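Asker: Quick one: structure below, then a few questions.
The values are calculated or read from the model by the stated rules, or taken from the named source; none is laboratory data. Just so it is clear, the structure is predicted and the values come from calculations on it, not from any experiment. Quick reminder, even Gly has a Cβ in these numbers, built from the backbone with ideal geometry, and neighbours come from all protein chains shown.
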Number of protein chains: 2
Amino acid sequence: MTEAEPASGPGFAAALADAAARTERMLQALLPPTTGDRGEAELAAAMRHAVLNGGKRLRAFLALEAAALFGHTGAGAERAAAAVECLHAYSLVHDDMPCMDDDDLRRGKPTVHRAWNEAAAVLAGDALQTLAFAILAHPDTHPDGEVRARLALRLAEAAGHAGMVGGQALDLAAETAAEATGSTLSAAQVKRLQALKTGALIEFAAEAGAIVAGAAEADVARIRAYARALGEAFQIADDLLDVTGTEAELGKRVGKDAGAGKATFVDILGVEGARARAAALIAEAAAELAPYGARAARLVEAARFVVERRS
Amino acid sequence: MTEAEPASGPGFAAALADAAARTERMLQALLPPTTGDRGEAELAAAMRHAVLNGGKRLRAFLALEAAALFGHTGAGAERAAAAVECLHAYSLVHDDMPCMDDDDLRRGKPTVHRAWNEAAAVLAGDALQTLAFAILAHPDTHPDGEVRARLALRLAEAAGHAGMVGGQALDLAAETAAEATGSTLSAAQVKRLQALKTGALIEFAAEAGAIVAGAAEADVARIRAYARALGEAFQIADDLLDVTGTEAELGKRVGKDAGAGKATFVDILGVEGARARAAALIAEAAAELAPYGARAARLVEAARFVVERRS
């Protein structure tokens, strides 16, 4: 497919916007109010700034669509979607800090440590991570405690030292090594790093929807495999955008990862190689969903969308 | 009671040390190994440095003793104790950062951001919080998912924006206000701030032991009330130590809270008033445990211990 003929059409864009709206309504209800004593009000405002930022809500979409595929369209899936978005937002707030990626802008708005200060960024990120677990473990998410405990455990596995935070640690270490000795990662190392840093939470988002919906284990495994391929395609697209995108489109600095010695798929595969790999991953993701036929059409479109997006 | 005649005797000290040893064995098994790729190994080392630091393990002791009071002495309580210690350690790592309390030493050893760097402190703290939830939500902690989900939810409530992190945000705001305008908090505000910042997690520690042990709701409520009184006494003792302790005893700077315009019980009540309030709280804590008679003797001793401790 070419950029002139997007495979993810207007119907998909509307579905994505609808999922975002549903998730944001749920987030509005779940985030703390910006009232209360000084300090508490500021913490709540920083949490809201970080989460309610006009993101695409791809992870929330995956959770909601995976749940719908197995017949669940209730508040449980919206709560799971909101939890994933809180976890994702926390990681961005901390990653943006001066001691990490040092970014002033996020989707065209000041990052939390710029809008407030570094202490506020630490605390708002911390509280958003906690809130993600509070949402999943609450009886409103699912009447069965086994399901809620499984959701909390799987989020913890996806987000912790053997998942997202581990990937971020690998990324920072690779950057330091590149600056010090010019050493670079192998293709396998970049793939693993990105699978942890970005892939694990994307995979959990889709999985959470399937779990909330009570999908059979074989179906949960299939959804995970789909989301794993989608997640890698997403990261490749991110690396391509860092090379080919514009700051106006992205609302953040571009060309930054390459300059910082960050390990990217584009470094390893080149621009054309990266595009080819992304296309192969979309096909892989679609193949996982083949048993569900037309009912999974939107999830297939989502895989195309992550590669075609311009921001 | 006077400092010359400690009410918590050598039997208590041995029990505290035993609880610490059991919890540390469990933590050794639950923390990630310091092998693996550069970055992952460093993250694991920083997490271990933060948690395995020779602390008194008061929170772990409360979890283990509360579980034992209701007949549970198994691995489930040790896992709950380990989870609380991971959560506590994460909060210390982040609080010690330059943008927060800016401390170089913790129990006489360099803090994580001094031993490594600020990015390592952010990530190690983040991953320790996640690990706490992973431990509680794992089937090894309790066979019943309802129990695991309840533990995760209650930890999230105690640790998040309406608990520990909220208290920390109130504390930083009070400090800023004191520096800018010389304004100080009322006694009620200090009490609430400390109940959130320190009390909520201490309360959860004892509660978690009771929940893992399958205690009746009335007993869980009693244990919480006991731990709430103990937690306030603990914070008053902390404030007294900041005024009366020595750096050698504490392994950290003293006289710092007063100097930084921090809201303390000593400011509000004076040294003698604070000592009297702590004694009243110990009596309150002991009264909650009266129905359990001699079986709760160690928990009663724990309340005395938190006030008598020299570090």
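Asker: Consider A:Leu58 against the criteria (1) modelled with pLDDT of 95 or more; (2) within 12 Å of chain B (Cβ to nearest Cβ); (3) surrounded by fewer than 24 Cβ atoms within 10 Å (Cβ to Cβ); (4) within 19 Å of the chain's Cα centre (by Cα): it satisfies all of them except one. Which criterion is unmet?
Answerer: (2)
Asker: Provide a single number: the residues in segment A:288-308 that are under 18 Å from A:Leu69 (Cβ atoms) and of a type in the set (Asp, Glu).
Answerer: So the answer is 2.
Asker: Inside segment B:24-40, can you point out the residues that are facing chain A (nearest Cβ under 9 Å) and either in a helix (DSSP H, G or I) or buried (at least 19 other Cβ atoms within 10 Å of the Cβ) (or both)?
Answerer: Those that are facing chain A (nearest Cβ under 9 Å) and either in a helix (DSSP H, G or I) or buried (at least 19 other Cβ atoms within 10 Å of the Cβ) (or both): B:Leu31, B:Pro32, B:Gly39, B:Glu40.
Asker: Specify the residue that is surrounded by the most Cβ atoms within 10 Å (Cβ to Cβ); the eligible residues are those in segment B:126-146 that are more than 7 Å from every other protein chain (Cβ to nearest Cβ), more than 15 Å from the chain's Cα centre (by Cα) and part of a helix (DSSP H, G or I).
Answerer: Only one residue tops the list, namely B:Leu136.
Asker: If I ask for residues that are buried (at least 16 other Cβ atoms within 10 Å of the Cβ) and farther than 19 Å from B:Lys197 by Cβ, which ones from segment B:92-108 would you list? It would help to see each step written out before you state the result.
Answerer: Residues of segment B:92-108 that are buried (at least 16 other Cβ atoms within 10 Å of the Cβ), as a first pass: B:92-101, B:103, B:106.
Hit for segment B:92-108 is B:Pro98, nothing else.
Asker: Related question: Of everything in segment B:63-87, what is outside any helix (DSSP H, G or I) and either among the β-branched types (Val, Ile, Thr) or in contact (Cβ under 8 Å) with a residue 60 or more places away in the chain (or both)? Give them in sequence order.
Answerer: B:Phe70, B:Gly71, B:His72, B:Thr73
Asker: Then there's this: Of all residues in segment A:48-62, which are in contact with a His (Cβ under 9 Å, 6 or more places away or on another chain) and assigned to a loop (DSSP other than H, G, I, E, B)?
Answerer: Correct list: A:Gly55 only.
Asker: Continuing with this model, one more query. Can you name the condition, by its number, that B:Thr198 falls short on among (1) within 13 Å of another protein chain (Cβ to nearest Cβ); (2) among the β-branched types (Val, Ile, Thr); (3) farther than 18 Å from B:Ala68 by Cα?
Answerer: Against the list (1) within 13 Å of another protein chain (Cβ to nearest Cβ); (2) among the β-branched types (Val, Ile, Thr); (3) farther than 18 Å from B:Ala68 by Cα, B:Thr198 comes up short only on (1).
Asker: Hey, among A:Ala50, A:Ala21, A:Ala17, A:Ala45, which residue is more than 24 Å from A:Ala124 (Cβ to Cβ), under 24 Å from the mean Cα position of the chain (by Cα), hydrophobic (A, V, I, L, M, F, W, C) and modelled with pLDDT of 95 or more? Steps first, answer last, please.
Answerer: Numbers: A:Ala50 fails: more than 24 Å from A:Ala124 (Cβ to Cβ); A:Ala21 fails: more than 24 Å from A:Ala124 (Cβ to Cβ); A:Ala45 fails: more than 24 Å from A:Ala124 (Cβ to Cβ).
Only one candidate qualifies: A:Ala17.
Asker: Could you please find all residues in segment B:108-146 being small (Gly, Ala, Ser) and touching a Ser or Thr at 6+ places or on another chain (Cβ under 8 Å)? Walk me through how you get there before you give the answer.
Answerer: So the first thing to find is which residues in segment B:108-146 are small (Gly, Ala, Ser), and the list is B:108, B:115, B:119-121, B:124-125, B:127, B:132, B:134, B:137, B:145.
B:Ala121, B:Gly125 - these are the residues of segment B:108-146 that are small (Gly, Ala, Ser) and touching a Ser or Thr at 6+ places or on another chain (Cβ under 8 Å).
Asker: Mind telling me which of the residues A:Ala263, A:Ala285 ends up being more than 24 Å from A:Leu69 (Cα to Cα), buried (at least 22 other Cβ atoms within 10 Å of the Cβ) and out of contact with any His (no Cβ under 6 Å at 6 or more places or on another chain)?
Answerer: A:Ala263
Asker: Another question, then. Output yes when any residue across segment A:163-179 is farther than 21 Å from A:Leu299 by Cα and not in a helix (DSSP H, G or I), and no when none is.
Answerer: Taking every residue of segment A:163-179 in turn, at least one turns out to be farther than 21 Å from A:Leu299 by Cα and not in a helix (DSSP H, G or I).
Asker: Something else: Conditions: (1) at pLDDT 95 or above; (2) within 25 Å of A:Ala17 (Cα to Cα). A:Glu308 meets all but one. Number of the miss?
Answerer: So the condition that A:Glu308 fails would be (1).
Asker: Can you confirm whether B:Ala45 is small (Gly, Ala, Ser), within 14 Å of chain A (Cβ to nearest Cβ) and either surrounded by 21 or more Cβ atoms within 10 Å (Cβ to Cβ) or not in a loop (DSSP other than H, G, I, E, B) (or both)?
Answerer: yes
Asker: Turning to a different aspect of this structure: Of all residues in segment A:23-77, how many are basic (Lys, Arg) and over 25 Å from A:Val220 (Cα atoms)?
Answerer: Matching residues across segment A:23-77 total 3.
Asker: Only residues in segment B:296-311 that are over 18 Å from B:Ala225 (Cβ atoms) count as the first member; pair them with residues that are of a type in the set (Phe, Trp, Tyr) and surrounded by fewer than 22 Cβ atoms within 10 Å (Cβ to Cβ), Cβ under 8 angstrom, at least 6 apart or cross-chain, and list the lot.
Answerer: Here the result reads B:Phe305/B:Phe12, each pair linking segment B:296-311 to a residue that is of a type in the set (Phe, Trp, Tyr) and surrounded by fewer than 22 Cβ atoms within 10 Å (Cβ to Cβ).
Asker: Same structure again: Does segment B:88-125 hold any residues that are among the charged types (D, E, K, R), touching a residue at least 12 places away in the same chain (Cβ under 8 Å) and either assigned to a helix (DSSP H, G or I) or at the interface with chain A (Cβ under 9 Å from one of its Cβ atoms) (or both), and which are they?
Answerer: Listed by number, the residues that qualify are B:Asp95, B:Glu118.
Asker: Restricting segment B:147-167 to residues that are touching a Phe, Trp or Tyr at 6+ places or on another chain (Cβ under 7 Å) and facing chain A (nearest Cβ under 7 Å), which is farthest from B:Ala200 (Cα to Cα)?
Answerer: Ranking the candidates gives B:Ala152 first.
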